[in-house]
1. Check the straight Cα-Cα distances from LYS122 and name the aspartates and glutamates below 15 Å, setting aside those fewer than 8 residues away within the same chain.
2. Mind checking the full-extension length gain between LYS279 and LYS23? Use 0.36 nm per residue of separation minus the Cα-Cα distance, one decimal, nm.
3. Name the residue from ALA411, GLY380, VAL367 whose Cα lies farthest towards the positive end of the charge dipole of region 362-415, charges +1 on Cβ of Lys and Arg and -1 on Cβ of Asp and Glu.
4. Which pairs in the list LYS157/LYS342; LYS54/LYS138; LYS21/LYS376; LYS14/LYS315; LYS138/LYS341; LYS133/LYS337 are over 32 Å apart, alpha-carbon to alpha-carbon?
5. When we measure straight from the Cα of LYS279, which aspartates and glutamates land under 16 angstrom away, once same-chain ones fewer than 8 places off are left out?
6. State the three equivalent ellipsoid semi-axes of region 214-312, derived from the C-alpha gyration tensor as the square roots of 5 times its eigenvalues, in descending order and whole Å.
7. Scan the chain and report its longest stretch carrying no chymotrypsin sites (Phe, Trp or Tyr not before Pro) that are both in a DSSP loop and have at most 16 other Cβ atoms within 10 Å.
8. Pairing the Cα long axis of helix 239-253 with the longest principal axis of the chain, what angle in degrees results, from 0 to 90 and rounded to the nearest 10?
Amino acid sequence: MKKTLSQLSFIQRKFQEYYLKGKVPMPSRFEEREFGFLLFSEGMVRHKGFENSKDLQRFLCEFTPSDVYYSCAFYEHPEAPMDEKGWLGADLIFDIDADHISTPCRKMHDVWICGGCGFGGKGAAPERCPHCKGERFKVKAWACEVCLESAKAEVLKLLDMLFEDFGFSEGEVRVFFSGHRGYHVHVESEAVWSLGSAARKEIVDYVLGLGLDAKFHGLENLKGYGIARVVGPSLEDFGWRGRLARGVYEIILDASERKLESLGLSRRVAKLLLKNRDKILESWNMEGPWGIIRGVGLESWKKLVAGSINLQSAKVDTVVTTDVHRLIRLENTLHGKTGFKKTRVDLSHIEEFDPFREGIAFRKGTVKVFVTESPKIKIGDELFGPLRDEWVELPTAVAVLLLCKGVARVADENV
Ligand SMILES: [Zn+2]
Ligand SMILES: [Zn+2]
């Protein structure tokens with residue numbers, strides 16, 4: 001369903017009510033930041049600057065954009081054109097989005113439609129339309145608990161690296177629910193401000209475990225006394241060494257023959273590993289399993305380590321982190337695709353954080369809407385749908401979500 005002007009104005013009115021009531025916190029060093037806005041009437045307004053929170057608040061109430069952004073960078077002249085801004089530095093930002101994680105639930109709730117012929121299906125879009133071979137698709141992506149839990153698992157891995165490996169303090173790192181399909185991690189520290197794109201790419205590579213060679217992390221054939229023996233890292237080693245070991249431990253712990261073969265191991269090696277599972281798990285108390293199973297050599301361990309890197313790396317979006325001019329969503333502002341707000345996550349309660357409870361911006365009232373098609377949605381403790389071609393009275397947060405997604409409309413008397 002295409003969102004008509006009157007439907008948009010209903011959403012915009014709701015957004016305006018939100019900004020009239022709620023306060024939006026200013027980012028640090030806000031006088032040096034560029035602000036940008038996506039308007040409901042389409043089109044982006046950027047290169048804006050604000051001297052105080054009152055002016056921003058007034059702007060939000062008056063123009064009520066669908067999305068609100070600010071620059072990760074600080075500038076001498078935030079309102080000047082890009083090449084005259086005078087870049088002074090930038091926070092380090094990570095974006096973890098369910099789009100980059102293959103969750104099984106996408107087959108249930110995501111829908112794609114071919115831009116060429118209108119053919120469509122569920123799940124992620126194919127590379128080419130099976131019908132007309134077109135490559136342009138419209139994708140309707142939804143986030144569910146499973147998606148956001150897997151995104152959060154990536155955040156936890158990232159945080160562990162930021163605190164343990166990079167040595168950032170808790171005061172320098174903030175985590176947010178993006179309001180849609182993922183999480184943002186902001187690092188505000190003097191140590192990162194001056195880093196250019198290439199340096200940030202190095203950080204991304206570290207976090208993603210790109211270009212890791214196990215050889216440089218202790219996994220090798222050690223030759224002595226005429227015999228070769230495989231040695232490798234221990235569980236408590238620092239940085240990626242320990243991560244490689246812990247990942248291998250995890251793989252062995254819940255391995256099946258099929259899983260091991262999917263890592264490229266032969267059936268014979270898979271069987272050997274499973275037969276010796278207890279022995280391998282116990283071996284971590286001593287030197288680890290690397291040299292103890294006859295018939296499992298260096299090449300097999302390398303394959304297990306590759307699987308371990310995949311488990312231990314944090315799936316961040318490279319483009320976001322390396323862009324030193326990036327605009328990012330502002331805390332407590334609404335996401336135009338959902339009506340949820342970008343929400344700060346308390347680091348000490350991150351495990352329990354529920355985006356579909358704490359990210360709700362519209363907590364009061366109900367709205368009657370006609371829903372064309374929506375998957376099952378869980379908000380708070382309540383389940384809604386799946387719905388198809390029916391009028392329903394829904395809590396405002398759910399109605400706004402469906403309206404933002406373009407799968408519902410309000411009755412004419414309400415717009
Ligand atoms: Zn097609
Ligand atoms: Zn999902």
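1. Result set, ordered by chain and number: ASP99, ASP110, GLU373.
2. On the way: separation 256, 0.36 × 256 = 92.16 nm, distance 5.82 nm.
Stretched fully, the LYS279-LYS23 segment lengthens by 86.3 nm.
3. Checking the options against the dipole of region 362-415, the answer is GLY380.
4. Values: LYS157/LYS342 21 Å; LYS54/LYS138 39 Å; LYS21/LYS376 30 Å; LYS14/LYS315 34 Å; LYS138/LYS341 24 Å; LYS133/LYS337 29 Å.
In this structure, LYS54/LYS138; LYS14/LYS315 lie more than 32 Å apart at Cα.
5. Of all the aspartates and glutamates, those that pass the test against LYS279 - Cα under 16 Å, at least 8 places apart if same chain - are GLU250, ASP254, GLU287.
6. Numbers: eigenvalues 68, 53, 32 Å².
Here the semi-axes work out to 18, 16, 13 Å.
7. Numbers: sites that count: PHE119, TYR225, PHE238.
Between the exposed loop sites, the longest stretch runs 239-415.
8. The angle comes out at about 80 degrees.
No lab work stands behind these numbers, since they all come straight from the coordinates. Since the structure is predicted, the reported quantities are computational estimates derived from the model, not experimental observations. Don't worry about glycine lacking a Cβ; one is built from the backbone with ideal geometry, like all the others, and counts go over all protein chains shown.
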